[in-house]
Amino acid sequence: SPDLLVYRPRDLATFPSSDTLPIVVWGNGACLADGTDFAGYLSTIASYGFLVVGTAPVAGDSQARITSANLIKALDWAQAEGARRGSPLAGKIKTDAVAVMGMSCGGNLALEAARDPRVKTLGMWNSGVWISGEMRTGDGTLLVATTKKDLAFIHGPTLYINGDKIDPAMANAADDVARLDKVPVFFGSRHGSGHSGTYSHANGGEFANIATAWLRWQLKASKESARTFTGADCLLCRDPNWSVQRKGL
């Protein structure tokens, strides 16, 4: 699709005999259409057997922005490809295993898209609903109109990953987690990583590994990956670089 960036395992020959590809839809920081800055991060996730779909740059407009409707369009495309005759992905997609995730403003778009009943799990990366109101640019342009009321529509396990006190999204995310009481939530803060996380590190760095573990647990039922988040001695719980909070897990 000309509007989308798609990441998947290069060799699809072993699918679906050994596995099928769950769908992960991604919203970019600043709600930008151009998601190329996250290529290493998203490629790492895809390499573990996922179909990851984000939005493509708009020619001639580096500041083009998207809405949650673009994320739903990406999900619609992915599910349709699973059935389209002649598609390299036909019969290889686990169309009922869907995650939406996003970074910063893109996290708020993911939160809006997570209303869709097809979505099984939500990932909020360096993101949270603004305590002070709607998210706008410096010149006042509205980016996304999510409010704390939208938290009531979350219906699946939710992951919040933030970058400690130097992350401007930290307070918003902590407030979200305090309000959520009907779905399982994991809230992790990586000390000193700030708002930019590790997305620019080789292959997406530590954040890509955590995203992969969450998705393998939620969409592939991996007990090994669950250990990153569950149990008294969960891997992130005993990592001195992290502070964690869990609800309903």
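Observations, loosely collected:
- Over the stretch 209-249, equivalent-ellipsoid semi-axes from the Cα gyration tensor in Å: 17, 11, 9
- Set of aspartates and glutamates with alpha-carbon distance to Lys182 below 18 Å, sequence-local pairs under 8 removed: Glu112, Asp116, Asp150
- For the chain, the 222 nm mean residue ellipticity estimated from helices alone, with every DSSP H stretch of n ≥ 4 adding -39500 (n - 2.57) and the total spread over all residues, rounds to -7500 deg cm²/dmol.
- Relative contact order (%) - criterion: Cα under 8 Å, at least six apart; region: the chain: 18 percent
- Gyration tensor (alpha-carbon) shape descriptor, the stretch 1-107, a/c threshold 1.5: prolate
- Shape category assigned to the stretch 109-192 from the gyration tensor of Cα positions, a/c cut at 1.5: oblate
- Eligible aspartates and glutamates near Lys92 by straight Cα distance, threshold 17 Å, same-chain separation 8 or greater: Asp11, Asp19, Asp76, Glu81
- Based on protein heavy atoms only, the stretch 39-144 ends up with 40 Å² per residue of surface accessible to a 1.4 Å probe.
- FRET efficiency, Val244 to Ala145 (Cβ-Cβ, R0 35 Å, nearest 0.05): 0.70
- Checking Cβ-Cβ separations below 4.7 Å across the chain identifies no cysteine lacking a candidate disulfide partner.
- Heavy-atom surface analysis with a 1.4 Å probe gives the stretch 43-186 a carbon and sulfur content of 55 percent of its accessible area.
- Ranked by the mean number of other Cβ atoms within 10 Å per residue, highest first, peptides 109-116, 71-78 order as 109-116, 71-78.
- Per residue solvent-accessible surface (Å²) - the stretch 149-201, probe of 1.4 Å: 44 Å²
- Across all C-alpha atoms in the stretch 143-238, the radius of gyration and Dmax reach 14.0, 39 Å.
The values are calculated or read from the model by the stated rules, or taken from the named source; none is laboratory data. No experiment lies behind these values; they were computed from the predicted model shown. Cβ atoms come from the backbone with ideal geometry, glycine included; neighbour counts cover every protein chain shown. Note: accessible area is taken over every heavy atom of the protein model, side chains too, but ligands, DNA and RNA are not part of it. Shrake-Rupley method; radii C 1.70, N 1.55, O 1.52, S 1.80 Å.
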